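So the structure is just underneath, and the comments pick up after that.
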Amino acid sequence: MKISASILATSITQLGRIIPSINPEAVDYIHMDVMDGNYVPQISFGEAITREVKELTTIPLDVHLMVKKPEDHFQKYLDLKPAYVTFHQETTDFGVRLSDEIRKSGSKVGISLNPMTPVTSLKYILPYIDMILIMTVDPGFYGQKFILGGLDKIKEAADMVSHLPIDIEVDGGVNASNIADIRKAGANICVVGAGLFKEGDPSSNGLNLKKLAG
Ligand code: DX5
Ligand code: ZN
């Protein structure tokens, strides 16, 4: 199991201390939750903070765009060479073109599905993407509770792409009590916010979560 650390659950004024202290063996990606205050209620940060975070670590970035019309915003992140750039299925009518442009820049493409959005909605875009990000909370805030039925949805997505080189990432409410079941359901990357940063040390928490996932 790979761990993607959601820095939304930290204090932005402490990033200069927290990010360099993260052990790359415990955390595989730094998950950047870009929120526009329009698609989701909160404004978090954009490309300027993402750029500063990149300078603080060698851990690759995992950019999660929670913005309306991601086609107007994604370009600003491409020169940071994120491992993944993920947009929401619900936010654009131009997923194929957007995916093509992200891939051309060298980053992998993720598409995220809110809890209400069916897995089958991705059927025709599978050849263009590298990851499905299953939201297991309604997006907008860290520290929410993993939704009922989340494991079934992960399994459905994993079954759909079992013959394809597509990662399954899970985001929302992942913690020590559910990460083994999430792994069993077929996910190979977990975003973790509160479960890493709200209690104890993020690196020990990351190593522990990996161990629990098996
Ligand atoms: C929610 C964000 C998540 C969130 C995860 O809208 O996309 O990445 O910060 O935090 P936890 O793990 O606390 O649910
Ligand atoms: Zn996220």
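The values are calculated or read from the model by the stated rules, or taken from the named source; none is laboratory data. From a predicted model like this one, the values you see are computed outputs, not experimental measurements. Cβ: placed from backbone, ideal geometry, glycine included. Neighbour counts: every protein chain shown. We work out accessible area using only protein heavy atoms, side chains counted, and drop any ligands, DNA or RNA first. Shrake-Rupley method; radii C 1.70, N 1.55, O 1.52, S 1.80 Å.
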Looking at the stretch 119-149, which of the residues that are surrounded by 22 or more Cβ atoms within 10 Å (Cβ to Cβ) and among the β-branched types (Val, Ile, Thr) is farthest from ligand 1 (Cβ to nearest atom)? Ile129
Among the residues of the stretch 165-182, which ones are in a loop (DSSP other than H, G, I, E, B), in contact with a helix residue (DSSP H, G or I) (Cβ under 6 Å, 6 or more places away or on another chain) and surrounded by fewer than 16 Cβ atoms within 10 Å (Cβ to Cβ)? Ala176
The stretch 107-118, residues that are in contact with a Phe, Trp or Tyr (Cβ under 7 Å, 6 or more places away or on another chain) and open to solvent by 20 Å² or more (accessible area, probe 1.4 Å): Lys108
When residues of the stretch 1-24 are filtered for being more than 16 Å from Asp62 (Cα to Cα) and more than 15 Å from ligand 1 (Cβ to nearest atom), how many remain? 7
Are any residues in the stretch 188-205 touching an Asp or Glu at 6+ places or on another chain (Cβ under 7 Å) and either away from ligand 2 (no atom under 13 Å from the Cβ) or open to solvent by 30 Å² or more (accessible area, probe 1.4 Å) (or both), and if so, which ones? Asn188
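Can you find even one residue in the stretch 11-26 that is within 26 Å of Met116 (Cβ to Cβ), away from ligand 2 (no atom under 12 Å from the Cβ) and buried (at least 17 other Cβ atoms within 10 Å of the Cβ)?
Checked against the condition, which is being within 26 Å of Met116 (Cβ to Cβ), away from ligand 2 (no atom under 12 Å from the Cβ) and buried (at least 17 other Cβ atoms within 10 Å of the Cβ), the stretch 11-26 yields no hits at all.
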Enumerate the pairs (first residue in the stretch 201-214 and within 13 Å of Cys190 (Cα to Cα); second residue anywhere and small (Gly, Ala, Ser) and open to solvent by 30 Å² or more (accessible area, probe 1.4 Å)) with beta-carbon separation below 6 Å, excluding pairs fewer than 6 apart on the same chain, so at least 6 apart or on different chains. Leu212/Ala176; Leu212/Ala180; Ala213/Ala180
Matching entry among Val34, Val63, Val85, Val53 (being touching a helix residue (DSSP H, G or I) at 6+ places or on another chain (Cβ under 8 Å), open to solvent by less than 30 Å² (accessible area, probe 1.4 Å), at pLDDT 95 or above and part of a helix (DSSP H, G or I)): Val53
Selection within the stretch 156-187 - under 16 Å from Val119 (Cβ atoms) and more than 16 Å from ligand 1 (Cβ to nearest atom): Glu156, Ala157, Ala158, Asp159, Met160, Val161, Ser162, His163, Leu164, Ile166, Ala185, Gly186
Can you find even one residue in the stretch 47-54 that is under 20 Å from Ile166 (Cα atoms), more than 15 Å from ligand 1 (Cβ to nearest atom) and either β-branched (Val, Ile, Thr) or in contact with a Phe, Trp or Tyr (Cβ under 8 Å, 6 or more places away or on another chain) (or both)? no
Condition check: of a type outside the set (Val, Ile, Thr) and farther than 20 Å from Val191 by Cα. Does Ser112 satisfy that? no
A careful count of residues in the stretch 183-206 that are closer than 13 Å to Thr10 by Cβ, among the hydrophobic types (A, V, I, L, M, F, W, C) and in contact with a helix residue (DSSP H, G or I) (Cβ under 6 Å, 6 or more places away or on another chain) gives 3
Can you pull out every residue in the stretch 136-167 that is within 17 Å of Val192 (Cβ to Cβ) and more than 16 Å from ligand 2 (Cβ to nearest atom)? Leu151
